[in-house]
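Presented below is the structure to which this report refers.
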Amino acid sequence: MRGYCGCLIMQAEQIESLAQIAGVWRSRDLPLPEQGLPSGNEKLDAQLPGGGWPIGALTELLLETEGVGELDLLLPAFARCTREGAWTAFVAPPYQPFAPALQRAGVNLSHLLLVNVQDAKDRLWAAEQLLRSGSFAAVAVWPDQIDERALRRLQLAAERGESCGFVWRPASAARSASPAALRLRISTERGQMKLAVLKLRGARLDRSAAHFSAVAAV
Amino acid sequence: MTDRPRIFLPWLRFEQARLMLWLALRFPTLLLDDKARGLEAPPPMVLVVRETGRSRVEGCNQPARDMGVCPGSWLNSAFALAPELVAVPFEAHRSEQLLTNLAELAYGYSSLVTLESPDLLLLELSGSVRLFGTLKRLLNKILDEFRTLGFEVSYGVAPTPLGARLLAERGAGLVATSDGDFNQLLTRMPLQHLALDAAAVNGFEKSGFRYIGELLSLPRGALQRRFGAEVARYLSRLSGREADPRPRFEPPQLFRRTLDLPAEVHATPALRFAVGRLLRELAGYLDSRGLGARKLVLGLQHYRKPSSRIELGFVAPAGGFDHLQRIVDERLGRQQLSAPVVGLTLECDSMAPLDQRQGELLSRPGVAQRESPEALFDLLRSRLGHRAVRGVQVRPQHVPEMASRVISPSSGSPAWQGPRRPLWLLPEPRLAVGLTIEGEAERIESGWWSPSDVRRDYYIAHNRSGGRYWVFRARSAPDQLFIHGIFA
């Protein structure tokens, strides 16, 4: 049945009725192949099913302390997107991004949008609009506060727009439930950044490999 | 009458193939509909003219008709039938203006549109039918468009402008696409439907005529002798024997619409419906010209107070009702009303050709709808303000606070080559406490030509939990260490 479906030109109604028959699949029902946006960090990519940051999903970054190279972790992916002409955004970053450092990391600044917004609700609103638009490849948001419901909205928006969403939260949020596809804790050990995969949707975590030092690639 | 011989109109049937097809659109309650447009359910309304000191009902909308009010009666008796009746005085100027606005919309369906005061538009459709497939589909689309805007409309289609007008005034939605059909309709149509004065119609009746078809079978010379040149010309033009050239409507490049609200509005959500109607009109106007708006001004009129202006700029020309409404909604949501609103104006005098590549072409199957980045910037700005949506750019300056600049998005940036820099820069350097300096100093000085006097030694430093900072000592105050950036 599936063999010759593709050769026929059918009306939409016919296709609908065909879809009722067991064993007939439409291409849109097929699961998409897992794909990832390479993070530029080999150890991390090896941990992630698509070989990179999950596309069409939300990644939570749980930060213990600032200034440990946490944004550096995202920049190879942002650099790759912007150089390929895709748009990226920072929503409500805690400080002003410093252009020379971004450019040194390879980011094409003409495709990085900064949304400077104070209000907690507006931050989430802006991130949701960007994620769901389908024209932003990667969006990082620093929410003032965010609950599970808001995270779910962002997750759905990222799915719809096939975008990579990154949400920065304090490490203390690790205890609360989250619908994000990937949760990563960023900490330091003897002055070096350590990453811990707390949750990875659709994968069984190898506990021993889930904790690793990422500093080599940074 | 049955013994009357069948009328044969050889010059109409076998005339050279004419391609014209006219649609007449009549807006019988133009002024009333306009007043009621801000309302989802309009009240009974009548249009009144002053006549010898009394007000006579000239027209009424459907709710008024439902209550038994009919044109021609005195206003007093109309009030007796419908106490909550709203009386609107006839204003020729406003009526003219409205008709012009509607002509702009009609222009989207035909490049040959003419205005017939006070309430009629004529559109030549033969070219447009092919574009829309069938006449029926085209008609439905046109009628839908005007009805969605809140206007009552009756129509007629005929091979001549006067014919279409005559059918529209009958109000039964008559369509004659060929001369044969048209003549068939006229054969048994009473003389009273002719757009001639009562004296001329009287004259016909006295001569024993009862139907329009009978007059059309007469030779023009005889008609002219018996009823005058004016009548003869009218009948020749009605049947298409004589050409009937009309001035073409030329659309202006400025969109300005006003809408009076029936009651004071105190909160922005209540404005949404009325604003939507104006935006729908704008979207139709823009669409018919392949244009997009670059700037919009929404004016909110207040009673005895200066009106408020809301300006919306677009990065790229914007069109399409949904997009416009989304932007305006977001902006209105943030607007605090300084006073109750009694009327709206929507103005757009800055337009540019719409980029046709936007829209469906870019859409991928998996993604429901792709919005252009520019459309998104507009949306974000409309809610968060213009300054919230920015990009960042390198400036060729030594002094760190001058080396990075916030600009409008997608401006591009000059290249930068130099040593490692922190990703976050603090807006103001702050005093550093408990940091350990690593490595060598990097001296940064402003040039002698620069107005700012900056001479600093920069270091990388870390705190106990592993955070790395960019710190400096000013050479003027070497014992104080300042944090200037964070190696995020």
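The values are calculated or read from the model by the stated rules, or taken from the named source; none is laboratory data. As the structure is a computational prediction, the values presented were derived from the model and not from experiment. Heads up, the Cβs are rebuilt from the backbone with ideal geometry, glycines too, and the neighbour counts pull from every protein chain shown.
When A:W87 is tested against (1) more than 9 Å from chain B (Cβ to nearest Cβ); (2) within 27 Å of B:S372 (Cα to Cα), exactly one condition is not met: (1).
State all residues of the range B:336-350 that are surrounded by fewer than 21 Cβ atoms within 10 Å (Cβ to Cβ) and under 18 Å from B:F314 (Cβ atoms); if no residue qualifies, say none. Within the range B:336-350, B:E347, B:D349, B:S350 qualify. In this structure, does B:S446 turn out to be at the interface with chain A (Cβ under 10 Å from one of its Cβ atoms), hydroxyl-bearing (S, T, Y) and touching a His at 6+ places or on another chain (Cβ under 8 Å)? No, not satisfied.
Have a look at A:L131, A:L124, A:L74, A:L113 and point out the one that is within 9 Å of chain B (Cβ to nearest Cβ) and within 17 Å of A:F166 (Cβ to Cβ). Please lay out each step first, then the result.
Working: A:L131 fails: within 9 Å of chain B (Cβ to nearest Cβ); A:L124 fails: within 9 Å of chain B (Cβ to nearest Cβ); A:L74 fails: within 9 Å of chain B (Cβ to nearest Cβ).
The unique qualifying residue is A:L113.
Going by what's in this entry, would A:Q145 be described as within 10 Å of chain B (Cβ to nearest Cβ), out of contact with any strand residue (DSSP E or B) (no Cβ under 7 Å at 6 or more places or on another chain) and not hydrophobic (A, V, I, L, M, F, W, C)? Spelling it out, it is not the case that A:Q145 is within 10 Å of chain B (Cβ to nearest Cβ), out of contact with any strand residue (DSSP E or B) (no Cβ under 7 Å at 6 or more places or on another chain) and not hydrophobic (A, V, I, L, M, F, W, C).
Cβ-Cβ contacts under 8 Å between residues 6 or more apart (or on different chains), taken from a first residue in the range A:159-180 that is touching a residue at least 24 places away in the same chain (Cβ under 8 Å) and in the same structural domain as A:P38 (by TED's automatic domain parsing) to a second residue that is of a type in the set (F, W, Y) and crowded, with 21+ Cβ neighbours inside 10 Å, are listed as A:G161/A:F136; A:S163/A:F136; A:C164/A:W53; A:F166/A:W53. Would you point out the residue of the range A:95-110, among those that are farther than 18 Å from B:P400 by Cα and surrounded by fewer than 23 Cβ atoms within 10 Å (Cβ to Cβ), that is farthest from the other protein chains (Cβ to nearest Cβ)? Among those residues, the one meeting the criterion is A:G106. Taking the criterion of being under 25 Å from B:I460 (Cβ atoms), facing chain A (nearest Cβ under 7 Å) and assigned to a loop (DSSP other than H, G, I, E, B), the residues of the range B:391-414 that qualify are B:A403, B:S413. Counting only strands (runs of 3 or more DSSP E) that fall entirely inside the range B:22-65 and contain at least 1 residues that are over 26 Å from the mean Cα position of the chain (by Cα), the qualifying elements are B:45-51, B:54-60. More than 10 Å from chain A (Cβ to nearest Cβ), aliphatic (A, V, I, L, M), on the phi < 0 side of the Ramachandran plot and surrounded by 11 or more Cβ atoms within 10 Å (Cβ to Cβ): is that true of B:I460 in this structure? So B:I460 fits the description; yes. Tally the residues that are over 28 Å from B:L112 (Cα atoms), of a type in the set (A, V, I, L, M, F, W, C) and surrounded by 12 or more Cβ atoms within 10 Å (Cβ to Cβ), restricting the search to the range B:217-266. Total meeting the criteria: 5.
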